[in-house]
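**Q** Handing you this structure, nothing more for now.
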Amino acid sequence: MRRPMLDRMADAVQQAVQEATRLGAQAAKARFAQTESINCEFEAGVLKATSSEQGRALSLEVIRNGKRATVTCNDPGDIPALAARAVALVEIGASAHFSAYPEPSECAQILRHCPETASLPREQLIEAGQRMVEGIRAYSGDLYIGAEAGRSEAEAVIAHSSGLLHSATTTRWNLGGYAQKTDGTDMLFCGAGRQWRRLNHLFDADWVTRETLRDLRLAERTASAPTGLATILAPPEAAAMLFAPLAMACSGRSALKGESPLRDKLGDIIGPASLTITDQPHEDWAIESAVMDDCGVPTRPFTLVDRGVLRAFMYDVDTAAMAGVEPTGHAGCGPVRMHVQPGGRSSAQILRGLSEGLIVKNLMGFGQSNLMNGDIAGNVALGYRVENGEAVGRVKDTMVAANLYDLLKGGFEASSDVDPLTGWPWILLEGVSVSSGG
Amino acid sequence: MRDSLADALSRAKADYAEVRFSIDDATSVMYRGPEPEQVRSARLSGGVVRACTRGGWGSSNFDSLDDLDHHVREACECAALVGTTTSQIADAPVAPPSEHRAALRRDFRGIPVADKIALVAAYNDILLRSVPGVETSFAGYSEVFRTVAFASTRGASFLEERPRVDLFLGAIARDGSLVQQCFDGRASLDTYDAAVGLEGLAEEVARRAVALTKAPPCPGGTHTTVLDNRLAGVFAHEAFGHMSEADFIYENPQMRELMALGREMGGPDLNIVDDGSMPGAQGTHPFDDEGTPTRKTYLIRNGLLAGRLHSLETAAKMGEPVTGNARAVRQSDRPLVRMTNTYIEPGAATVQELIAGIDKGIYACDALGGQTMMEEFTFSAGYGYRIENGRLGDLVRDIVLTGNLFRTLHAIDGIADDLVITNGPGGCGKGGQAPLPVSHGSPHIRIRDVVIGGR
């Protein structure tokens, strides 16, 4: 960090909490975070830009008389003014269903700061970008190639009026590359990217190249999409997207507010016995991992769906108080690092056993459908027809549509192999409606 | 403030450099169900220095002007590390330094937060209670008053106040395990009154959410489809507008060939415009975020590709006029080539005439969103109706449309005479920057053979 502020801001967040309390808040919580990053970007196969980025934010939440308000600034110089604004705003604040933050308790230890990542030189990022570009260009000189590489370091400190004072530093690196192939009015976009907190073997420009080239080669042939009800096979990144409705529906707040279609299904069978979904927040070096939620409640490994049975909803402190349950360490009632547990066959074996179907790598417009209802729909931005156990060509002008909960009543399988970063397996789902104009 | 920016830039060692600094004062209120879930206030500052040397770009983001000299140096050093060729920045005329204070017809800053919360509470009550069957609601109000200062080594310099008010209404209805939702809202750059008097809209949102729980899903397949004003505006933005952003084109020889000006894109009645200077719309500003004056640009005129949207660099590299379309969302974002207010010009047909010619089709209304991957696009309607024998039939839900841009523009065979420009909450996303305030608009249009995903 060019200007580390953690020591100074540890005092400042405690001062903000004390000042808010002195002004009449029943409870207060302050958080400061600062991030510094450097990035390099390649456009059209050449280095186009490098950048340095810096940002700070200080937020203060206060609770008083069943109300809650939050104020934010990035000038930490005037704590009394910030506290005064918060205490004034809370008079007309949002509903709060708790009057004190939970007492601090012991948290897991997770590795999240890597000195080698923090000091990753710009030249090495540029070299990685160049390597991705050259690797992809080897496929064809006619491709439009983009790439990016970056690293960041962050520090954060949180304090609240029940005695929490917790600070953390984190790092991350990111690598990504993509190719655009244009042939008349036909365009193909493919690429890959990853991010991690530790600088290790996963920082691999050649992995990006290999993934991109695999799609370029698979897409050399085109094929008509299977129409009607089809079986789809989703690689880890697409599988995570397809299960987004379930993460939303397992929000304790959505259940309590009546939005979730699963709200009255706790203990019910919602999927096959082979379906287990857990939240694993303690994976060292994973981007999403967290030791506590935004109120200081420790995170923990958590089972949402156990062998097909809905086992739990996720609760933050406010929602838990509303529902009369214990908070589960889920800020915003959402998962930290949710994934489906792997199955018994490898993705290669599952593919080989598929006589006809569709590999869906990327869906365009996915978030526009009624996700809360479990609806998943979108244009197959990148996908391949499967025949007799192998991908035979790229499909175009193809839409898929289904309801996740209906799909889980039919054929489902998770692969034994998982993405090393996200933990997601490949997922097979039967009975997806496919429409195609191609 | 502009003087300190210009002073810091005077020490820039680059072919071109600019600095933009903003201060935001923002307040937001959100109801979800019967209670207010969020009341927030923020005062945030931030900025970015960009520099270009030998064709390479460098930038440095910051949140305080305290160390501006450092950030100018950092951006210039980043650029010097990158550049190996020649900087190409359009040599367009530079407007004299200017200040553009907000001329709010009704200034939201003078209205107590408690009144704004009460306004949202009243809408929320309508959403929850006016129609049986609504399970829960979303009602939100947000305001931001942004003050932007800009200076560049070309001599451009402006200060602009950019106020914005958003009002958002949503209802979620359920019937058994079926959950349906409906959203709508209003946004304005010049008056708090845009958020007032929307009781009827709140009731309509609630009514439609409940009605959708009784409606069947839209059948999947290929349909002749009439798009209403709002959805057709999203179509103009998503399906075509993004393709006209020159940063997708200028360094890609195949795309330059594909998008050559003069190419036939549609029928002779098709005209699509982007206009960052039109009064009263969400994407309207005197200058873009490179200090270029905004203007009206024909993208398609009489069916032929007529123009595209540019930054200073893309215009120089393509040898085309600057258009004032370099825009940034967050305070520290670098500007990208973006749309402003994009719309299809009206034709001569009536809406009735468009529908009357269809034996079996879909009337798709309202927009939940859209996305494009250049030639392929997709967008979702909020709701729709079957068309049978030239007449509107039953309500249908879950309408997601997709297609190929080039085929679909040619498949437009009817343009009505009822242009409406939509000023709604939210905005456009690109390159990780969202939501950018934009407006879009269109008359009703009819498209043959649209692929609709359905179950």
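The values are calculated or read from the model by the stated rules, or taken from the named source; none is laboratory data. The structure displayed is predicted, hence computed values, not measured ones. Glycine gets a Cβ as well: all are built from the backbone with ideal geometry, and neighbour counts include every protein chain shown.
**Q** Given (1) surrounded by fewer than 18 Cβ atoms within 10 Å (Cβ to Cβ); (2) within 16 Å of the chain's Cα centre (by Cα), where does B:Gly267 come up short, assuming only one miss?
**A** B:Gly267 satisfies all of (1) surrounded by fewer than 18 Cβ atoms within 10 Å (Cβ to Cβ); (2) within 16 Å of the chain's Cα centre (by Cα) except (2).
**Q** Conditions: (1) surrounded by 19 or more Cβ atoms within 10 Å (Cβ to Cβ); (2) within 14 Å of chain B (Cβ to nearest Cβ); (3) not in a loop (DSSP other than H, G, I, E, B). A:Ile359 meets all but one. Number of the miss?
**A** That leaves (2) as the condition not met.
**Q** Say we look at the stretch B:270-297 and pick out the residues that are in a strand (DSSP E or B) and under 30 Å from B:Thr147 (Cα atoms); which of these is farthest from the chain's Cα centre (by Cα)?
**A** B:Pro293
**Q** Further question on the same structure: Filter the stretch B:411-422 down to the residues that are crowded, with 23+ Cβ neighbours inside 10 Å and in a loop (DSSP other than H, G, I, E, B) and list them by number.
**A** none
**Q** When the residues of the stretch A:82-103 are narrowed to those that are within 13 Å of chain B (Cβ to nearest Cβ) and part of a loop (DSSP other than H, G, I, E, B), which ends up farthest from the chain's Cα centre (by Cα)?
**A** Once the filter is applied, the top-ranked residue is A:Glu91.
**Q** Another question, then. Anything in the stretch B:273-323 that is within 22 Å of B:Gly262 (Cα to Cα) and touching a Pro at 6+ places or on another chain (Cβ under 6 Å)? List them, or say none.
**A** B:Asn302, B:Gly303
**Q** So, in the stretch B:26-63, of the ones that are among the hydrophobic types (A, V, I, L, M, F, W, C), facing another protein chain (nearest Cβ under 7 Å) and buried (at least 21 other Cβ atoms within 10 Å of the Cβ), which residue ends up farthest from B:Arg330 (Cα to Cα)?
**A** Per the stated criteria, the residue is B:Val39.
**Q** Can you find even one residue in the stretch B:390-410 that is polar (S, T, N, Q), in a strand (DSSP E or B) and farther than 30 Å from B:Leu189 by Cβ? Before the answer, list the steps.
**A** Of the stretch B:390-410, the ones polar (S, T, N, Q) are B:402, B:404, B:408.
From what is left, the residues that are in a strand (DSSP E or B) are B:402, B:404.
Of the ones still in play, those that are also farther than 30 Å from B:Leu189 by Cβ are B:402, B:404.
The answer is yes; a qualifying residue exists.
**Q** Let me ask another. Look at B:Ala102 and say whether it is in contact with a Cys (Cβ under 8 Å, 6 or more places away or on another chain), at pLDDT 95 or above and within 21 Å of B:Ala149 (Cα to Cα).
**A** no
**Q** Only residues that are away from chain B (no Cβ under 12 Å) and either assigned to a loop (DSSP other than H, G, I, E, B) or of a type in the set (Asp, Glu) (or both): list them for the stretch A:362-408, please.
**A** A:Glu387, A:Asn388, A:Gly389, A:Glu390, A:Leu408
**Q** So, one more: What number goes with the only condition from (1) closer than 21 Å to B:Ile249 by Cβ; (2) surrounded by fewer than 21 Cβ atoms within 10 Å (Cβ to Cβ); (3) among the small types (Gly, Ala, Ser) that A:Ser162 does not pass?
**A** If we test A:Ser162 against (1) closer than 21 Å to B:Ile249 by Cβ; (2) surrounded by fewer than 21 Cβ atoms within 10 Å (Cβ to Cβ); (3) among the small types (Gly, Ala, Ser), just (1) comes out false.
**Q** Suppose we keep only residues that are surrounded by 22 or more Cβ atoms within 10 Å (Cβ to Cβ) and among the hydroxyl-bearing types (Ser, Thr, Tyr) within the stretch B:107-153. Which one would you say is farthest from B:Ser311 (Cα to Cα)?
**A** B:Thr136
This table checks each residue for (1) touching a His at 6+ places or on another chain (Cβ under 9 Å); (2) over 30 Å from A:Gly163 (Cα atoms); (3) away from every other protein chain (no Cβ under 14 Å).
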{"residue": "A:Thr231", "(1), (2), (3)": "no, yes, yes"}
{"residue": "A:Ala239", "(1), (2), (3)": "yes, yes, yes"}
{"residue": "A:Ser251", "(1), (2), (3)": "yes, no, no"}
{"residue": "A:Gly267", "(1), (2), (3)": "no, yes, yes"}
{"residue": "A:Ile277", "(1), (2), (3)": "yes, yes, yes"}
{"residue": "A:Ala286", "(1), (2), (3)": "no, no, yes"}
{"residue": "A:Val309", "(1), (2), (3)": "no, yes, yes"}
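**Q** Here is a further query. Could you tell me whether the stretch A:104-117 includes any residue that is surrounded by fewer than 21 Cβ atoms within 10 Å (Cβ to Cβ), within 14 Å of chain B (Cβ to nearest Cβ) and charged (D, E, K, R)?
**A** The answer is no; no qualifying residue exists.
**Q** Here's another thing I want to ask about it. Find the residue count for the stretch A:301-320, including only residues that are touching a strand residue (DSSP E or B) at 6+ places or on another chain (Cβ under 8 Å) and acidic (Asp, Glu).
**A** Residues in the stretch A:301-320 being touching a strand residue (DSSP E or B) at 6+ places or on another chain (Cβ under 8 Å) and acidic (Asp, Glu): 1 in total.
**Q** Name the single residue that is farthest from the other protein chains (Cβ to nearest Cβ) among those in the stretch B:81-95 being of a type in the set (Gly, Ala, Ser) and buried (at least 17 other Cβ atoms within 10 Å of the Cβ).
**A** Once the filter is applied, the top-ranked residue is B:Ala92.
**Q** Being of a type outside the set (S, T, N, Q) and either more than 16 Å from A:Lys29 (Cβ to Cβ) or free of Cβ contacts under 8 Å to residues at least 24 places away in the same chain (or both) is the filter here, so list the residues in the stretch A:56-84 that pass it.
**A** Across the stretch A:56-84, the qualifying residues are A:Arg56, A:Gly66, A:Val71, A:Cys73, A:Asp75, A:Gly77, A:Asp78, A:Pro80, A:Ala81, A:Ala84.
Matching residues to (1) facing chain A (nearest Cβ under 10 Å); (2) buried (at least 22 other Cβ atoms within 10 Å of the Cβ); (3) within 17 Å of B:His440 (Cβ to Cβ):
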site: B:Ala246; (1), (2), (3): no, yes, no
site: B:Tyr250; (1), (2), (3): yes, yes, no
site: B:Gln254; (1), (2), (3): yes, no, no
site: B:Leu258; (1), (2), (3): yes, no, no
site: B:Gly262; (1), (2), (3): no, no, no
site: B:Ala281; (1), (2), (3): no, yes, yes
site: B:Thr284; (1), (2), (3): no, no, yes
site: B:Phe287; (1), (2), (3): no, no, no
